[in-house]
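Have a look at the structure below before the remarks.
Taken together, the values in this text are just the output of simple stated rules run on the coordinates, not laboratory data. Quantities reported herein were computed from a predicted structural model and do not represent experimental measurements. Positions of Cβ are generated from backbone atoms using ideal geometry, with glycine treated the same way; all protein chains shown enter the neighbour counts.
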Amino acid sequence: MANPGGGAVCNGTLHNHKTQPWLQSGNGTKNGIMKEAQQNGKPHFYENLIVESFEEAPLHVLVFTYMGYGIGTLFGYFRDFLRNWGIEKCNAAVEREEQKDFVPLYQDFENFYTRNLYMRIRDNWNRPICSAPGPHFDVVERVSDDYNWTFRFTGRIIKDVINMGSYNFLGLAVKYNESMKTIKDVLETYGSGVASTRHEMGTLDKHKELEDLMAKFLNVEAAMVFGMGFATNSMNIPALVGKGCLILSDELNHTSIVLGARLSGATIRPFKHNNIEDLEKLLREAIIYGQPRTRRAWKKILILVEGIYSMEGSIVNLPQIVALKKKYKAYLYMDEAHSIGALGPTGRGVREFFGMNPDDVDVYMGTFTKSFGSSGGYIAGKKELVDYLRVHSHSAVYATSMSPPIAEQIIRSLKLIMGLDGTTQGLQRIQQLAKNTKYFREKLKELGFIIYGNDKSPVVPVLLYMPSKVAAFARHMLERKIGVVVVGFPATPLAEARARFCISAAHTQEMLDTVLEALDEMGDLLHLKYSRHRKSARPVLNDEMSFELDD
């Protein structure tokens, strides 16, 4: 798989695999994919971990949701009519009169949703923050005098807003303290930037130290780090597959994966989210029929998945996907942007969460922007894979190297998680995150909200459905000094708008209880308690003594 035009897959046999020893898939499974999940005498171990909820909304909720979009669309067309006739001022970008005969730069229909629906509730996004994204943060207040087309700052700062939106899973994204002295020392020694690519003068000893430590953390042969997490996917996938290769991609994969797959030139076939039967059907068809028209065997089949899906809060069904990829001799690329550091007894991600072998996944990808409180990304796996990407990855050849202080923050976080700093703080944070996640999810279910995802996932989507309630929910929560992220179309299906809560180890019990009390009130005010499986109308919140993490 190292070269895009590598060996071919035909009838379950990998050809030309001797030139790519790092991607041998091992022995296939017999008698179906569940054989892999039943090894070591633990037939039910994985089933207990894959407990996910995707409750459907009541019919009347979906009816009113589509009605809301329909009414909004009608008013949008009416307002566009008024704008075209000059009755209402048009604040959107339009073609100049002298360029009306040119190819249009702005497509009116494509911008219809942004112009007429999104703009009405735009104040709920891109809010400026003026503090570190810890458990509390400060928000710069802004208002609009023209229905969200422009904003002006009032000069007021909304202090101590509870942060329920940042991916600060382990609470390591905080303002400066004495534990960050090594970052300050690196800044004084190396400066703030590298001003070169990895291939030229941009490889520092700090990068080598970080890569060796990351490989040790993941228990793989080698790792390579990149300055941007998004580009880690979008620029490395094209280096691994190309024309004549087949990509099987989960339908809910992140945009960076989708972009990387499209840039590769490979044939892309999405499979239903976490649906093993659909994936196996596609794999079987790919083996039997080969490439379209020519019927030649695919040069390579690559399965693309995520560890935790950031919009659904679900966890990849890794054991069965690994069993499938071994059975059909495919390759597996797993994006652990949201799961590394947040899942597993020691924070080593989905692979550790399921207790699987490091060699079960061919390509490990992840980012340092969530659990590590930094930025950038990594690719890890066999040494042959990493050596190949060092030469062929566009992100390595053309992009500027990772900033030295950023690398040191990641090294510091890794040492904390691994216990190499001589403390158990990292383990405490991982355990506290799991405790907070369990508590918050259980209480939301008891309150009667529909939530998506795995019970162990720190990403907690709460379904809101109606666009008007999305805006009202975010505005009312900010009034209660709680910062939330709301998400709607096109990031989600049209009728599945939601609020996405991200749990952190830095959240105390009092903070979570404050948020839950506000959610209880908002659920009653906006009629958001759609679940038909609620346990009680108003459960008693946990009154245990809370504790802060030791410094």
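Count charges around F151 for me, please; just the other residues with Cβ under 11 Å from its Cβ, Lys/Arg as +1, Asp/Glu as -1.
0
Debye calculation, C-alpha points only, no solvent: report log10 I(q)/I(0) for the chain at q = 0.06, 0.11, 0.12 Å⁻¹, in the same order as the q values.
-0.33, -1.12, -1.30
At L59 and E442, where each label point lies 7 Å from the Cα along Cα→Cβ, what is the point-to-point distance in nanometres?
About 3.6 nm, to one decimal.
Where a Cα-Cα gap under 12 Å defines reach, which aspartates and glutamates qualify for K456, not counting those fewer than 8 residues away within the same chain?
Partners found: E52, E442.
Roughly speaking, what % of Cα-Cα pairs in region 158-266 are separated by over 16 Å, rounded to a whole number?
75 percent
If the limit is 31 Å between Cα atoms, which of K206/K299; K175/K445; K159/K184; K216/K272; K243/K370; K243/K325 go over it?
K206/K299; K175/K445; K216/K272; K243/K370, as the Cα separations exceed 31 Å there.
List the residue ranges in the chain for DSSP H helices whose C-alpha atoms run 24 angstrom or more along the long axis and whose Kyte-Doolittle average is 0.5 or above.
Both cut-offs are met by 59-84.
Give the Rg (one decimal place) followed by the Dmax (whole number) of region 328-426, computed from C-alpha coordinates and expressed in Å.
14.5, 44
Give me the orientation-averaged projected area of the Cα convex hull of region 394-504, in nm², one decimal.
10.6 nm²
Can you tell me how much longer the chain between T73 and E517 gets when fully stretched, taken as 0.36 nm per residue apart minus their C-alpha distance, in nm with one decimal?
Gain on extension, T73 to E517, equals 156.4 nm.
Where in region 451-483 does the label zone of D524 land, with the point 7 angstrom along Cα→C-beta and an amide N cut-off under 17 Å?
477, 480
Report the local net charge at T203: Lys and Arg +1, Asp and Glu -1, summed over other residues whose C-beta lies under 11 Å from its C-beta.
Taking every other residue near T203 into account, the sum is +1.
Assuming R0 = 56 Å, can you tell me the calculated FRET efficiency for the pair M418 and V103, based on Cβ-Cβ distance, to the nearest 0.05?
With a Förster radius of 56 Å, E is 0.50.
So if I average 1/r over every pair of distinct C-alpha atoms in region 362-409 and take the inverse, what Kirkwood radius in Å does that give?
For region 362-409, the Kirkwood estimate is 11.8 Å.
For region 244-396, max minus min Cα coordinate along each principal axis, in Å, sorted largest first?
The Cα atoms of region 244-396 stretch 49, 35, 27 Å along the principal axes, largest first.
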